[in-house]
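K.L.:
Input: one structure, supplied below.
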Amino acid sequence: MAVELVCPFCGFSKKTSEKMIPERAKWAICPRCRRRFEISLPGRGTASGVEEMAQEGSPHGIDRKLEMGSERSGAPWERRSENGFVWGIWRTFKEVLFSPAAFFRRLTFNGGMGEPLAFGLLVGAVGNMLGLFWPVILVSTGLFPFGSSVLGQLGAGLIFLILVVVIPISVTLSMFIYSAVFHLLLLIVRGGKNGFEATFRVVAYSQAAQAWELIPVIGSWIGGFWRLVVWVIGLREIHGVSYLKIIVAFLLPVAFLVVVSLAVVVPFLILLVQ
């Protein structure tokens, strides 16, 4: 029988099977407001609550073991051996690009970093290659003559080296660097509760936004904005934190730069006026 757990503080609700709730469970934690509330199910006694439930703090108000098993699973890409490579990559692209909230809400955060790394590397490398391909085409057809002086200096060997070595390395490094920076910012605002791997999974699967590189000229702009949206939604869903914390975390570097700039510019202006 399906039961609905409703947070009395913010109204967030979650439907789940009664069988998935441990027999002695008494407390749940809301994934939206992070407050603990008491639950009682018909036909069950009111035995003393299991404090471990509250300490685990799953995003769906049930214990972490349930969350990582029944409630969350790997991406379609990680199940491609069951349904085929084309199905796995197509479903992952479709869900990340057009329903990221549902995708990351279901995505497990402890399934290992190998599969998301492989997806991010494959998609990111192809996307970056497309980003290099379109300028070459535009220059060669004379539609963008200003870049001919630069691209004309690239020989076949150098282009091959960029495609095979430089791009894959840069994509891999960028995924780890972005993940480390994002996770550090989340820890500052007390939002990275599910660990570094969860953050890395969001960054890796957000590489699906590179699909917009198929559009000439403006594709990279669309892809960059789309990936930012996926980051915000994905980090919110996989860590079970509020959008406010995510936005604050993203604005921390901007605030830091503003403070540093003011610390340099204001004394200079005062000296200039004097």
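The values are calculated or read from the model by the stated rules, or taken from the named source; none is laboratory data. Values in this document were obtained by computation on a predicted structure and should not be read as measured data. Here Cβ is always computed from backbone atoms with ideal geometry, including for glycine, and neighbour counts include all displayed protein chains.
K.L.:
For segment 183-235, how many residues meet the condition of being crowded, with 23+ Cβ neighbours inside 10 Å and without any contact (Cβ under 8 Å) to a residue 40 or more places away in the chain?
P.N.:
Of the residues in segment 183-235, 1 are crowded, with 23+ Cβ neighbours inside 10 Å and without any contact (Cβ under 8 Å) to a residue 40 or more places away in the chain.
K.L.:
Another one. Name every residue in segment 88-123 that is in a loop (DSSP other than H, G, I, E, B) and either under 17 Å from VAL230 (Cα atoms) or at pLDDT 90 or above (or both), in order of residue number.
P.N.:
SER99, THR108, PHE109, MET113 - these are the residues of segment 88-123 that are in a loop (DSSP other than H, G, I, E, B) and either under 17 Å from VAL230 (Cα atoms) or at pLDDT 90 or above (or both).
K.L.:
Okay, moving on. Taking the options PHE37, PHE12, PHE85, name whichever one is more than 30 Å from GLY114 (Cβ to Cβ), modelled with pLDDT of 75 or more and not aliphatic (A, V, I, L, M).
P.N.:
Going through PHE37, PHE12, PHE85 in turn, the sole match is PHE37.
K.L.:
Quick check on segment 92-114. Is at least one of its residues surrounded by 21 or more Cβ atoms within 10 Å (Cβ to Cβ) and of a type in the set (Gly, Ala, Ser)?
P.N.:
Checked against the condition, which is being surrounded by 21 or more Cβ atoms within 10 Å (Cβ to Cβ) and of a type in the set (Gly, Ala, Ser), segment 92-114 yields no hits at all.
K.L.:
Does any residue of segment 248-271 turn out to be farther than 22 Å from ASN128 by Cβ, in contact with a strand residue (DSSP E or B) (Cβ under 9 Å, 6 or more places away or on another chain) and hydrophobic (A, V, I, L, M, F, W, C)?
P.N.:
Scanning segment 248-271 turns up no residue that is farther than 22 Å from ASN128 by Cβ, in contact with a strand residue (DSSP E or B) (Cβ under 9 Å, 6 or more places away or on another chain) and hydrophobic (A, V, I, L, M, F, W, C).
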